[in-house]
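Heads up, the thing below is written out as structure tokens.
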Amino acid sequence: MAAEAAAVRVAVRVRPLLPREALRGHRPCLRGDAATGEVALGRRRFRFAAVLPETAGQAAVYRACVQPLLRAFFRGFNATE
């Protein structure tokens, strides 16, 4: 089933390390690939409707998650965030 036809779409936003985590030598455990919609945790991969990398700002989140909902809402569909 295409992502656009799915009743529920899940987006993941990978957060950057917090400053205290970086100071303690922690490393990111997730790798997100926006092009494929996959998140890798070790050798395991998970697919999502949208993957937003550590560098994604609020505008990118809006474009990926909110704009499609608004378009659908104005076409008469129910939309929720």
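Figure legend. Inter-residue proximity from the stretch 53-81: first residues on the phi < 0 side of the Ramachandran plot, second residues assigned to a loop (DSSP other than H, G, I, E, B) and surrounded by 13 or more Cβ atoms within 10 Å (Cβ to Cβ), beta-carbon distance below 6 Å, spacing 6+ or different chains. Indicated pairs: PRO53/VAL14; PRO53/ALA34; GLU54/VAL14; LEU69/ALA79; ALA72/ALA79; PHE73/ALA79.
Looking only at residues in the stretch 23-40 that are more than 13 Å from the chain's Cα centre (by Cα) and among the basic types (Lys, Arg), the one that is farthest from VAL12 (Cα to Cα) is ARG24. Of all residues in the stretch 9-38, those that are in contact (Cβ under 8 Å) with a residue 24 or more places away in the chain and among the β-branched types (Val, Ile, Thr) have Cβ atoms under 7 Å from Cβ atoms of residues that are assigned to a loop (DSSP other than H, G, I, E, B) and surrounded by 14 or more Cβ atoms within 10 Å (Cβ to Cβ), 6 or more apart or on another chain, in VAL10/PHE48; VAL10/ALA49; VAL12/PHE48; VAL14/PRO53. Only one entry of ALA50, ALA34, ALA22, ALA59 meets the criterion of being surrounded by 12 or more Cβ atoms within 10 Å (Cβ to Cβ) and within 22 Å of THR80 (Cα to Cα), and that entry is ALA50. Filtered by the rule that a residue be farther than 24 Å from PHE77 by Cβ and of a type in the set (A, V, I, L, M), the stretch 2-50 gives VAL14, LEU17, LEU18, ALA22, LEU23, LEU30, ALA34, ALA35, VAL39, ALA40, LEU41. State all residues of the stretch 33-70 that are of a type in the set (D, E, K, R) and modelled with pLDDT of 90 or more; if no residue qualifies, say none. Correct list: ASP33, GLU38, ARG43, ARG44, ARG45, ARG47, ARG63. Could you please find all residues in the stretch 40-49 being in a strand (DSSP E or B) and under 21 Å from ALA7 (Cβ atoms)? Within the stretch 40-49, PHE46, ARG47 meet the criteria.
The values are calculated or read from the model by the stated rules, or taken from the named source; none is laboratory data. Everything numeric here is computed off the predicted structure, so don't read it as measured data. Every residue, glycine among them, receives a Cβ derived from its backbone with ideal geometry; neighbour counts consider all protein chains shown.
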